[in-house]
Amino acid sequence: MANAPLAFGRPFVLPPGVPADRVAAWRKAFSDTYHDPVFIAEAVKQQIEIDPSSGEEMQGIIQHAYAAPQGVIDRLRSLYNAEAAR
């Protein structure tokens with residue numbers, strides 16, 4: 001759970017309540033882009049690493065993080081607060 005933010009990279013998110021067909025359209029559009037030969041060639045040309053995660057993977061990470069026991073959340077919060085106070 002503590003490393004969940006690292007898994008996000010630069011996420012695109014939609015607000016709660018977006019209809020499932022729209023979520024599916026967004027996910028398909030991103031997947032199609034990451035598999036597009038022209039997009040891949042341009043990324044290689046610019047030496048940009050492309051390592052996408054699927055919407056389903058991101059949703060799983062979020063669900064896992066939100067399911068953390070309160071004791072874990074409290075402990076992580078205290079560690080982050082202690083680090084921020086330095």
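How many of the residues making up segment 59-82 are closer than 27 Å to Trp26 by Cβ and among the hydroxyl-bearing types (Ser, Thr, Tyr)?
1
What helices (runs of 4 or more DSSP H) completely inside segment 11-86 contain at least 1 residues that are under 15 Å from the mean Cα position of the chain (by Cα)? I'd like the intermediate steps shown before the answer.
Values: elements: 20-34, 37-45, 55-66, 70-85.
Helices (runs of 4 or more DSSP H) meeting the threshold: 20-34, 55-66.
Tell me which residues, restricted to segment 51-86, are surrounded by 12 or more Cβ atoms within 10 Å (Cβ to Cβ), within 25 Å of Val18 (Cβ to Cβ) and touching a residue at least 12 places away in the same chain (Cβ under 8 Å).
Of everything in segment 51-86, those that are surrounded by 12 or more Cβ atoms within 10 Å (Cβ to Cβ), within 25 Å of Val18 (Cβ to Cβ) and touching a residue at least 12 places away in the same chain (Cβ under 8 Å) turn out to be Pro52, Ser53, Ser54, Gly55, Met58, Ile61, Ile62, His64, Ala65, Ala68.
List the pairs whose first member sits in segment 21-35 and is farther than 17 Å from Ile50 by Cα, whose second member is of a type in the set (D, E, K, R) and in a helix (DSSP H, G or I), and whose Cβ atoms are under 9 Å apart, counting only residues at least 6 apart or on separate chains?
Going by the 9 Å Cβ cut-off, there are no qualifying pairs.
Can you name every residue in segment 3-22 that is at pLDDT 95 or above and either surrounded by 11 or more Cβ atoms within 10 Å (Cβ to Cβ) or in contact with a strand residue (DSSP E or B) (Cβ under 8 Å, 6 or more places away or on another chain) (or both)?
Matches in segment 3-22: Val18 only.
The values are calculated or read from the model by the stated rules, or taken from the named source; none is laboratory data. As the structure is a prediction and not an experimental result, all values here were calculated from the model. Cβ: placed from backbone, ideal geometry, glycine included. Neighbour counts: every protein chain shown.
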